[in-house]
Amino acid sequence: MKFDYKEIHIGSIIKARVEDIDTDLERICKFLKTTKDKVEEMYQSKSLDTDILMRWSKLLEYDFFRIYSQHLILYAPPSKVDKQAEKKSMLPNFRKSIYTREVIDFIVELIETQEKTMPQIVKEYRIPKSTLHRWTKKYGNLNNG
């Protein structure tokens with residue numbers, strides 16, 4: 001299944017995970033302290049409260065928040081360099097340029113299926129051309145298959 005990180009529908013992703021690992025609905029209801037109707041409602045939801053999403057992540061042993069992190073890596077606008085960057089923050093600072101294997105596979109697949117060209121990916125996702133070349137050599141199916 002090719003995953004689209006641009007349009008996230010978390011309810012359908014959760015439902016897919018439930019089906020993948022064959023989790024019993026009664027166990028879900030008990031763990032989330034909710035009804036079957038509410039669970040079905042969550043499956044239809046495009047977004048969920050973070051507390052509920054954390055519970056789903058624990059129950060299904062899957063980090064659903066990472067899907068949003070991948071979205072930020074691929075689609076967030078480049079940060080402005082200004083006075084704000086110099087201010088110290090109490091919040092943790094995450095590096096944007098950390099790519100997971102899922103993101104690498106997603107990008108390589110876009111290139112291999114010719115859905116996007118390398119220049120389009122460089123422009124759209126701000127991934128350096130040299131990085132793309134390295135990924136296609138190392139992870140590409142056309143070179144490894």
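The values are calculated or read from the model by the stated rules, or taken from the named source; none is laboratory data. Treat the numbers as computed from the prediction; the structure is a model and nothing was measured. Counting neighbours? That spans all protein chains shown, and the Cβs are built from the backbone with ideal geometry, glycine included. The protein model used for the area step is the full one, side chains on, heavy atoms only, and it has no ligands, DNA or RNA in it. Shrake-Rupley method; radii C 1.70, N 1.55, O 1.52, S 1.80 Å.
Take the range 1-16 and flag every residue that is surrounded by fewer than 16 Cβ atoms within 10 Å (Cβ to Cβ) and in a loop (DSSP other than H, G, I, E, B).
1, 2, 3, 4, 6, 7, 9 - these are the residues of the range 1-16 that are surrounded by fewer than 16 Cβ atoms within 10 Å (Cβ to Cβ) and in a loop (DSSP other than H, G, I, E, B).
So, of the residues in the range 61-71 that are of a type outside the set (Ser, Thr, Tyr) and open to solvent by 80 Å² or more (accessible area, probe 1.4 Å), which turns out to be nearest to residue 106 (Cα to Cα)?
Ranking the candidates gives 66 first.
List pairs: first residue in the range 39-60 and open to solvent by less than 30 Å² (accessible area, probe 1.4 Å), second residue among the hydroxyl-bearing types (Ser, Thr, Tyr) anywhere in the structure, Cβ distance under 7 angstrom, at least six positions apart or on different chains.
43/12; 60/23
Only one residue in 19, 26 is open to solvent by 90 Å² or more (accessible area, probe 1.4 Å) and within 29 Å of residue 104 (Cα to Cα). Which one?
19
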